[in-house]
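Working notes, beginning with the structure itself.
The values are calculated or read from the model by the stated rules, or taken from the named source; none is laboratory data. If you're wondering where the values come from, they're calculated on a predicted model, not measured in any experiment. In this analysis, Cβ positions are derived from the backbone assuming ideal geometry, glycine residues included, and neighbour counts consider all displayed protein chains.
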Amino acid sequence: MHSICIANQKGGVGKTTTAIHLAVGSSWSALRVLLCDLDAQANATSGLGLEPSASSPPRAQRSWRDGLEVLSLGRHLQGTGRDVHSVLQSALPQTGFDLTIFDCPPAFGPATDAGLDLADSVIIPIQCEYFAMEGLTQILSSIQASERRLDRALYLLGILLTLYDPREAVSVEVAEEVRRNFPGAVFSSRIERDPKFIEASSFGKALYEYDLSSPGAWEYLLLTREVLKDVRKQAGTQAV
């Protein structure tokens, strides 16, 4: 099983939207996917039309999508007074899935640290706006801290440009700056602004399921293909 952490300490950069669409897109590729919601707001859970599990310990819930289950842990991790890494590790199923995706909260803290520590690779979504580079530097520091804690490398699958608007000069400038400063680390796929993302989430659906013809749906399908190709290359074709 391969695990991907989707992390950035800033809110509103598309972490949860990316987690949802990567999870659904990967299940469409016949993978058994566990989406692990580490945010106490549980937006990844509600964005797939589910409610956080009230069971203790929390258990993965089946969605109506073949091959996709959701484990909502954010509220359970909040205020436990226990080692979040241990709580998360004990709650994760050890078998039954090809891919686990961690959706982290929009802040640094124990939940994000635990997600990074338990992941094999990481995706960093950044919004194409001013101060994007500052936030990117901070999350890269967190990744390096995780590597030092565990004395291992955490593979950067890529930096994902989100909320891109080709009509706005700042979007174009930020995208060019990120690609210039991190050559080879930025996904070819980028996610443009699309109001239908909000419409889809209000119905508890990924945009693929709400309007497959929309540009945002196709952009995330291309991203999913790009991610899975790299994961298979890194982990071996039998891993996912």
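Conditions (1) within 30 Å of residue 129 (Cβ to Cβ); (2) at pLDDT 90 or above; (3) buried (at least 22 other Cβ atoms within 10 Å of the Cβ), marked per residue:
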{"residue": "10", "(1), (2), (3)": "yes, no, no"}
{"residue": "22", "(1), (2), (3)": "yes, yes, yes"}
{"residue": "73", "(1), (2), (3)": "yes, no, yes"}
{"residue": "78", "(1), (2), (3)": "yes, no, no"}
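With respect to the conditions (1) touching a Gly at 6+ places or on another chain (Cβ under 7 Å); (2) closer than 20 Å to residue 6 by Cα, residue 196 lacks only one, and its number is (2). Among the residues of the stretch 198-205, are any more than 18 Å from the chain's Cα centre (by Cα) and surrounded by 14 or more Cβ atoms within 10 Å (Cβ to Cβ)? Yes, the conditions are met somewhere in the stretch 198-205. The residue list 175, 217 contains one member that is surrounded by 13 or more Cβ atoms within 10 Å (Cβ to Cβ), in contact with an Asp or Glu (Cβ under 7 Å, 6 or more places away or on another chain) and of a type in the set (Gly, Ala, Ser), which is 217. Mind counting the residues in the stretch 90-112 that are in contact with a helix residue (DSSP H, G or I) (Cβ under 9 Å, 6 or more places away or on another chain), touching a residue at least 60 places away in the same chain (Cβ under 8 Å) and not charged (D, E, K, R)? Residues that pass the stated criteria total 10. If you go through the stretch 204-240 and keep only what is outside any loop (DSSP other than H, G, I, E, B), modelled with pLDDT of 90 or more, more than 19 Å from residue 49 (Cα to Cα) and not aromatic (Phe, Trp, Tyr), you end up with 215, 216, 219, 221, 222, 223, 224, 225, 226, 227, 228, 229. In the stretch 101-150, the residue that is surrounded by the fewest Cβ atoms within 10 Å (Cβ to Cβ) out of those that are aromatic (Phe, Trp, Tyr) and either in contact with a His (Cβ under 9 Å, 6 or more places away or on another chain) or closer than 27 Å to residue 33 by Cα (or both) is 108. Being at pLDDT 85 or above, more than 19 Å from residue 61 (Cα to Cα) and not aliphatic (A, V, I, L, M) is the requirement here; does residue 106 meet it? The answer is no for residue 106.
Given the criteria within 27 Å of residue 171 (Cβ to Cβ), touching a residue at least 60 places away in the same chain (Cβ under 8 Å) and β-branched (Val, Ile, Thr), does residue 137 qualify? Considered against the rule, which asks whether it is within 27 Å of residue 171 (Cβ to Cβ), touching a residue at least 60 places away in the same chain (Cβ under 8 Å) and β-branched (Val, Ile, Thr), residue 137 comes out as no.
So, residue 101, is that one hydrophobic (A, V, I, L, M, F, W, C), under 24 Å from residue 75 (Cα atoms) and outside any helix (DSSP H, G or I) or not?
So residue 101 passes the test.
When the stretch 135-180 is limited to residues that are charged (D, E, K, R) and part of a helix (DSSP H, G or I), the one that is farthest from residue 232 (Cα to Cα) turns out to be 173.
Criterion applied to 126, 143 was being touching a Leu at 6+ places or on another chain (Cβ under 8 Å) and under 24 Å from residue 197 (Cβ atoms), and the one residue passing it is 126.
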